[in-house]
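Have a look at the structure below, then the notes.
The values are calculated or read from the model by the stated rules, or taken from the named source; none is laboratory data. It should be emphasised that the depicted structure is a prediction, and the values quoted were computed from it without experimental measurement. When we count neighbours, we look across all protein chains shown, and the Cβ atoms used for this are built from the backbone with ideal geometry, even at glycine.
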Amino acid sequence: MIKASDLKKMSVVKIDGEPHIAENIVVQKPAARGTGTLYKIRFRNAVTKRKVDQVFRGDDVLPEADLERHPVQILFGDAESFTFMDLGDYSQFALTKEEIEDEWLYLFEGLEGVLALMSDGKVIGLDLPLHISMAIVETMPSVKGGSVTARTKPATLATGLVVQVPEYMSNGEVIRVDTRTGDFISKA
């Protein structure tokens, strides 16, 4: 059992007997005295991919789903799917764009630190590293005199992800991106 206050993104719990993955957690602390903190959590059903929104108090408990995390390697991908290899037993599996739509723009061949989330012998999702490095393939020309803390501009990365970067950045530079928010962190 896990308390609602201890849930994190990618935590897996059972709701109505099926595994659900926590995708988004919003914490609300009401101003009125005597009221507890509320946790608004968006879950995705690991089997049907249907989204479920629920609200819990901090001390509410949920049953944890049996979950295994296996390190995987991305072998190759195309416009519709990626093929992975389990680094433990060298078995291969493919996930379609619909199955991993939130992680899709962060995946590329050679990415390390990816974990496959498995429940009952079936892959239900991916757990990405918190930060990844990718090259800028298209952005507006850098502004002469642009400073590190100045304005930002959109930049398209190698996977098609668009990130706001400082205006001094140019094509070909490698940056670090937060996979939870999709935000620019720093130059790599």
*Scan Glu99, Glu109 and give me the residue that is closer than 22 Å to Arg44 by Cβ and in a loop (DSSP other than H, G, I, E, B).*
Glu99
_Quick test for you: out of Leu38, Leu95, Leu111, pick the one residue that is farther than 16 Å from Lys14 by Cβ and assigned by TED's automatic domain parsing to the domain that holds His20._
Leu38
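The rows are residues; the columns are (1) surrounded by 14 or more Cβ atoms within 10 Å (Cβ to Cβ); (2) of a type in the set (A, V, I, L, M, F, W, C).
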{"position": "Met85", "(1), (2)": "yes, yes"}
{"position": "Ala116", "(1), (2)": "yes, yes"}
{"position": "Leu130", "(1), (2)": "no, yes"}
{"position": "Met134", "(1), (2)": "yes, yes"}
{"position": "Val137", "(1), (2)": "no, yes"}
{"position": "Met140", "(1), (2)": "no, yes"}
{"position": "Met169", "(1), (2)": "yes, yes"}
{"position": "Val177", "(1), (2)": "yes, yes"}
{"position": "Thr181", "(1), (2)": "no, no"}
*the stretch 68-90, residues that are more than 17 Å from Glu109 (Cβ to Cβ) and either part of a strand (DSSP E or B) or assigned by TED's automatic domain parsing to the domain that holds Ser11 (or both)*: Glu68, Arg69, His70
*How about the stretch 12-27: which of its residues are surrounded by fewer than 19 Cβ atoms within 10 Å (Cβ to Cβ) and either in contact with a Leu (Cβ under 9 Å, 6 or more places away or on another chain) or not in a loop (DSSP other than H, G, I, E, B) (or both)?*
Lys14, Ile15, Glu18, Glu23, Asn24, Ile25, Val26, Val27
*List pairs: first in the stretch 64-86 and of a type in the set (Lys, Arg), second at pLDDT below 90 and not in a loop (DSSP other than H, G, I, E, B), Cβ under 7 Å, 6+ apart or cross-chain?*
Arg69/Leu117; Arg69/Asp127
